[in-house]
Amino acid sequence: MTPREFSDRLTKRARRAGITIDPSLAEALASYYRLLEFWNQKINLTAFSLVDAPDEAIDRLLIEPLVAARLFQGPHGHGHPHAQLGPHPRVLDIGSGGGSPAIPLKLATPGIHLLMVESKTRKSAFLREAIRHLDLRDATVETARAEDLLTRPELHESQDVITVRAVRIEQKLLAKLQAFLRLGGRIMLFRSNVSTEAPPLVTPPLAYEATLPLVESLRSRLVLLRKVL
């Protein structure tokens with residue numbers, strides 16, 4: 001697939017999701033996708049077949065994060081009523097793997113300070129290469145499990161947003177993750193085929209806030225939890 005064909009497909013998938021992509025962002029997303037496709041042949045970064053950029057892979061890996069990025073754009077632009085984030089929010093991505101949703105989020109909202117957490121050494125090596133290849137600023141990688149970072153006091157109550165995908169959500173995990181959030185901070189759970197009801201495992205200091213649609217063809221949703229205590 002030529003770069004032009006990829007750009008056209010990406011733009012088409014974005015339009016179906018109700019978003020527009022400027023040419024510079026489309027180019028950066030294409031560069032990320034090509035890097036992911038290349039590395040995925042050597043190590044298993046994603047279960048998707050990336051050859052010829054199937055719609056499902058583009059929707060899951062690129063479009064979902066772009067839809068979620070509207071939450072970072074504030075109430076004065078094309079933001080979302082649930083936004084209310086500062087100009088440089090701190091984002092902690094758990095189990096970053098192949099870099100989605102974290103890297104497309106960063107490309108779409110360059111102002112965020114991104115910390116990606118990945119326990120597997122080879123996957124974290126890919127993430128560092130992606131940061132270098134895409135020239136991402138204010139983006140770092142920790143080769144660790146999230147709970148390992150709880151020993152670092154400077155990370156406690158330091159994050160505005162925690163993003164989670166492809167990680168099993170249990171009450172015990174949420175109890176650990178909330179320690180990284182400032183008061184009023186959010187956990188964004190990228191989920192597939194979820195209901196709009198509040199997850200039953202949410203307990204104080206977290207509270208269920210909303211479930212927002214991501215990509216309808218995938219029936220994917222973004223579940224928002226907020227730290228209220």
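The values are calculated or read from the model by the stated rules, or taken from the named source; none is laboratory data. Everything numeric here is computed off the predicted structure, so don't read it as measured data. Heads up, the Cβs are rebuilt from the backbone with ideal geometry, glycines too, and the neighbour counts pull from every protein chain shown.
A compact table of results
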item: Any chance residue 214 is within 15 Å of the chain's Cα centre (by Cα) and either in contact (Cβ under 8 Å) with a residue 40 or more places away in the chain or surrounded by 15 or more Cβ atoms within 10 Å (Cβ to Cβ) (or both); result: yes
item: Residues that are modelled with pLDDT under 95 and in a loop (DSSP other than H, G, I, E, B), drawn from segment 216-229; result: 219, 229
item: Elements of type helices (runs of 4 or more DSSP H) in segment 17-73, at least 2 residues being more than 20 Å from residue 220 (Cβ to Cβ) and either without any contact (Cβ under 8 Å) to a residue 24 or more places away in the chain or in contact with a strand residue (DSSP E or B) (Cβ under 7 Å, 6 or more places away or on another chain) (or both); result: 23-40
